[in-house]
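Here's the structure we're looking at; comments come further down.
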Amino acid sequence: MIKADNLNMVYGSGTRAATDVTFGIGAGEIVGFAGPNGAGKTTVLKMLTGVLKPTSGTASVAGFDIVRQPMEAKRSFAYISDNPDVLLQLTGAEYINLIADIYGVSVSDRKERADRLAARFSVTDKLGIQMREYSHGMRQKMMIIAALVHEPKVWILDEPMTGLDPAASYELKQLMKEHAAKGNSVLFSTHVLEVAEKLCDRIIIIDRGTIVYDGTVDGLLAEHEGMDLEEIFVTITSGDIDENS
């Protein structure tokens, strides 16, 4: 449902952010995308979602090429960026309705879905408040609700748990599992390998713009017997495990 084929990104400054990035994610899979600060995770996700045009290579979602068929591709996925500080002059409800309008979600469907998700994230009583008054975590919850309101088959999430409280993180993980169980796909970036270990079918690790591992967490542990995940991560990457990437 997600395919990256030799994706390359070279910025105008000459900085190479991604080199021949190739992977595929099938129906029913939850895949974690990990890497140190500046490894290229966000760049790759932005190429997959059409925010950035690849210097070369191709990307497709649900069979649609993100460059040649952008509208069809974008209707097929939910994207949560690493920055929840958008359109803060709107209330939570207004933002959700805006996204629902863009995707053509009926009034009845959007209400049912938004109410259900708001209840799961415990924000029902906050929907009428301007998002500029929200905490970072509250804004993140609203981005998640709005992104999922059109119920796409593919979720592409950039550090979606950053800023969430434990209860909200738990709910998001449960939603991921429920989504994949229906035969859909989830790709999410993370810097916490323990989350990937418990949640993911596979993990892809990128370092300095290049994929250095694509497989199961069990396979990764077997390749580095006697080491824990943090030690393995530092060993196979440049070792910067800061949160912003």
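Annotation note: of A222, A119, A180, A168, the sole residue that is outside the structural domain of A93 (by TED's automatic domain parsing), over 22 Å from G40 (Cβ atoms) and surrounded by fewer than 18 Cβ atoms within 10 Å (Cβ to Cβ) is A222.
If the condition is being farther than 13 Å from D115 by Cα, among the small types (G, A, S) and crowded, with 20+ Cβ neighbours inside 10 Å, then segment 134-150 contributes only A147. For segment 44-64, the criterion of being out of contact with any Lys or Arg (no Cβ under 9 Å at 6 or more places or on another chain), of a type in the set (V, I, T), surrounded by 22 or more Cβ atoms within 10 Å (Cβ to Cβ) and assigned by TED's automatic domain parsing to the domain that holds I156 is met by at least one residue.
T15 passes every criterion in (1) among the polar types (S, T, N, Q); (2) closer than 19 Å to I236 by Cα; (3) free of Cβ contacts under 8 Å to residues at least 12 places away in the same chain apart from (2). Looking across segment 86-129, the residues that are under 16 Å from K141 (Cβ atoms), among the small types (G, A, S) and part of a helix (DSSP H, G or I) come down to G92, A93, A114, A118, A119. When the criteria are applied in full, L90 meets the requirement of being within 29 Å of M47 (Cβ to Cβ) and surrounded by fewer than 18 Cβ atoms within 10 Å (Cβ to Cβ). The set of residues in segment 149-173 that are in contact (Cβ under 8 Å) with a residue 24 or more places away in the chain, more than 15 Å from Y79 (Cα to Cα), of a type outside the set (K, R) and assigned to a helix (DSSP H, G or I) comprises A167, A168, E171.
The values are calculated or read from the model by the stated rules, or taken from the named source; none is laboratory data. None of the values given here were measured: they were computed from a predicted structure. A quick note on method: Cβ atoms are made from the backbone with ideal geometry, for glycine too, and the neighbour counts reach across all protein chains shown.
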